[in-house]
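Below: one structure, written as structure tokens.
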Amino acid sequence: MEISPLQKERLKYQPKLPGMLRHGISDICVKEGEETASVSDQDKIRELFPNTYGKREIIFEKGQNTSAAKRQVVGVILSGGQAPGGHNVISGLYDALKATDKDNVLLGFKGGPSGLVDDDYVEFTDEFIDAYRNTGGFDIIGSGRTKIETKEQFEAAAATAKKHGLTAVVIIGGDDSNTNAAVLAEYFAANNTGVQVIGCPKTIDGDLKNDDIDCSFGFDTATKTYSELIGNIERDANSAKKYWHFVKVMGRSASHVALECALETQPNVCLIGEEVAEKKLSLSQIADQIADSVEKRSKTEGNFGVVIIPEGIVEFVPEFGVLIREISEMLAGSKTEEFNALPSWEDKKEYIRKGLTEESFKVFDILPEMIQKQLFLERDPHGNVQVSLIESEKLFAELVKNKLEERRKAGTYTGKFSTQFHFFGYEGRCAFPSNFDADYCYSLGYNAFMLIQYGYTGYLSKVSHLNRPAEEWVAGGMPITKMMNMERRNGQDKPVIRKALVDLEGKPFKYFEAHRAEWAAHTCYTYPGAIQYYGPSDVCDITTRTLALEKG
């Protein structure tokens, strides 16, 4: 297979490890910390995880390796959406495993957790691994969103593990995938299978982090990729001076990606869902904020600008959330067929008017007809409105257009408002990993094997102090149950890892808040350019603005 010149060079790149992992496997020892507790619902989480709850956090240090020598057969799974660097987690795991004993084996289970259940796997070799080092994507074994949760699935996973003599399984995924890793670890421990389970923190959305996890892998590369594109659009906007660009970026449950891209590119407007929820902003109020920037700039800078919108913004708008819930209730059960059978949109709209409260219909009525219809597209498997299908960038552009027409009639606005739309999602999920993500992911995989060698299970591979040079990173592990709480999911209380939302009191948001008024009125664009792999460390190894501000 022909590969590009860049890929040829990236295959040769040797990722940097934390200092304590550079001593050699035989010179790495464990330092244990305090026992842990879940972030909340401690009694319930302890009850659900009696064999893996409350374990101690650990870090690795230079010292004599005291782990028991044994042949390891490890399985690895890529779970959930793609994120740059996943291949390096597997490479780091493989290298540590083989450095300990060349007879150790690494099996890759294909297509996500279902690969373990269905016994669909490949055995890794040097040649196989070497073709994927420092590359983006999850195509080495593929990924999937299957959850191992039924009795039959657990038994099948245990049977696969027994068949291959697995000593451990490493699950590379986000909050849901690592919750599943904790559940699988508990099952294996409760049934004395002897199989350990280790998780690795992945998600480009950036919402798998806390006091222990500085950031999830993939966030750095994805936001740099989106920021390059947004910077290009800003340059174009400032050149042509005739379009307002509405850019939607990934992030349904949290706005970390939008905030990081704003810090990198300084757009005229960036919506932060957590702030919208905190201030209980209405659609009309948000539209007015954007229209204010459009009006100011039309008088000084010109009829152009850039707005960044997180993918899940409408779910943070309180009145919109109420509307969605009422629609879901209105069309519950067989009422969906009754609604769909109505002959015209006017008939359907009258049906909607009668089914909603007066307040919710007012919200519905100000929406563009295109968005109104999107609310009634095919439901998800649980009968809920698929909010992700709503083109929120077009929604806000239309609402702003209406606001500006009102201002034009009032004589306060005389400019032009032409729009362009962009959605950056898949463009960043499989990009060539930045040096930061290449190093971080390789360290996570290498570190995961150290956790396996020392007998830990139900732990997350943890590498911290990521704002510093890699030599100063600290490697270790933390029990996954420490991050858990109970949440209502599909009508049932479930143990899940708590998502990290944008902290409105945190330094990244405060920096954005302090500068956004100037950005809204003036052209302050910054142009990050493409990710750099070769050159000065302060260019090539730089981390995100979010992490730099958080950690100082």
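The values are calculated or read from the model by the stated rules, or taken from the named source; none is laboratory data. Predicted model only: the values in this text are computed from it and were never measured. Positions of Cβ are backbone-derived with ideal geometry, glycine not excepted, and every protein chain shown enters the neighbour counts. Just so you know, the surface numbers come from the protein's heavy atoms only, side chains and all, with ligands and any DNA or RNA stripped out. Shrake-Rupley method; radii C 1.70, N 1.55, O 1.52, S 1.80 Å.
Output the Kirkwood hydrodynamic radius of region 58-111, Cα pairs only, in Å rounded to one decimal.
On the way: mean 1/r = 0.0763 Å⁻¹.
It is 13.1 Å.
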Item checked: region 127-140 - phi-based ³J(HN,Hα) in whole Hz, Karplus 6.51/-1.76/1.60, Gly and Pro as x -> 4, 4, 5, 4, 6, 10, 4, 6, 9, x, x, 10, 6, 4
Note to self: Let me check against my output: what whole-number percent is the relative contact order of the chain, with C-alpha pairs under 8 Å and at least 6 apart?
What the structure shows: 24
Check: Here are some pairs, Lys299/Lys394; Lys151/Lys224; Lys202/Lys296; Lys248/Lys551; Lys31/Lys151; which of them have Cα atoms lying more than 30 Å apart in this structure?
Finding: Lys151/Lys224; Lys202/Lys296; Lys31/Lys151
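Quick one: in region 427-548, what % of C-alpha pairs are over 22 Å apart? Each step should come with its number before you reach the end.
Details: 4335 of 7381 pairs.
When every Cα pair of region 427-548 is considered, 59 percent fall beyond 22 Å.
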Checklist line | Fraction of the pair-distance distribution of the chain above 39 Å, Cα-Cα pairs, percent | finding: 32
Checklist line | Per residue, the convex hull volume that the Cα atoms of region 1-78 enclose (Å³) | finding: 220
Check: How high is the FRET efficiency from Arg489 to Ile366, r the C-beta distance, R0 35 Å, rounded to 0.05?
Finding: 0.65
Check: Which FRET efficiency value, to the nearest 0.05, is calculated for Asp101 and Glu127 with the Förster distance at 22 angstrom and r the Cβ-Cβ distance?
Finding: 0.70
Notebook entry, point to check: Going out from 0 in 5 Å bins, what whole percent of all Cα-Cα distances in region 55-194 drops into each bin?
Noted result: 2, 9, 19, 22, 20, 16, 9, 2, 0
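For every other residue with a beta carbon closer than 11 angstrom to the beta carbon of Val363, add +1 if it is Lys or Arg and -1 if Asp or Glu, then tell me the sum.
On the way: positive: Lys362; negative: Glu319, Glu326, Glu358, Glu359, Asp365.
After counting each charged neighbour, the total is -4.
Accessible area per residue, 1.4 Å probe, Å², for region 462-552: what's the number? Mind showing how you got there, number by number?
Numbers: 4520 Å² over 91 residues.
Value for region 462-552: 50 Å² per residue.
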Check: Between Arg235 and Thr150, what is the FRET efficiency for a Förster distance of 51 Å, r being their Cβ-Cβ separation, to the nearest 0.05?
Finding: 0.45
Next item on the list: Go through 479-489, 221-231 and give me the packing order, highest mean Cβ count within 10 Å leading.
Entry: 221-231, 479-489
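Using only the Cα atoms, work out Rg/Rh for region 360-484, with Rh taken as the Kirkwood radius, to two decimals. Write out the running numbers ahead of the final one.
Values: Rg = 24.5 Å, Rh = 20.1 Å.
Rounded to two decimals, Rg/Rh equals 1.22.
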Next item on the list: For Leu504 paired with Phe423, estimate the spin-label separation in nm (one decimal), with each label point 7 Å from Cα along the Cα-to-Cβ line.
Entry: 2.8
Check: Quick one: Cα centre-to-centre distance for region 413-468 and region 514-552, in angstrom?
Finding: 17
Checklist line | Shape box of region 9-138 [Cα atoms, principal axes, largest first, Å] | finding: 49, 39, 28
Margin query: With angles folded into 0 to 90 degrees, how steeply does helix 318-330 sit against the dominant principal axis of the chain? Use alpha carbons for both and round to 10.
Written below: 80
Check: Under a 5 Å amide H to amide H cut-off, with H placed in plane at 1.01 Å, what residues pair with Gln196 once short-range neighbours are removed?
Finding: Ala168, Val169
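On alpha carbon coordinates alone, what is the Rg over Rh value for region 193-297, Rh being the Kirkwood radius?
Numbers: Rg = 17.5 Å, Rh = 15.9 Å.
Rg divided by Rh gives 1.10.
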Note to self: Could you work out how much longer the chain between Glu406 and Thr300 gets when fully extended? Use 0.36 nm per residue separation minus the Cα distance between them, nm to one decimal.
What the structure shows: 36.1 nm
Note to self: Between region 114-145 and region 26-60, how far is it from one alpha carbon centroid to the other, in angstrom?
What the structure shows: 30
Check: Where the centroid of each part is defined by its Cα atoms, how far is region 71-90 from region 292-355 in Å?
Finding: 39
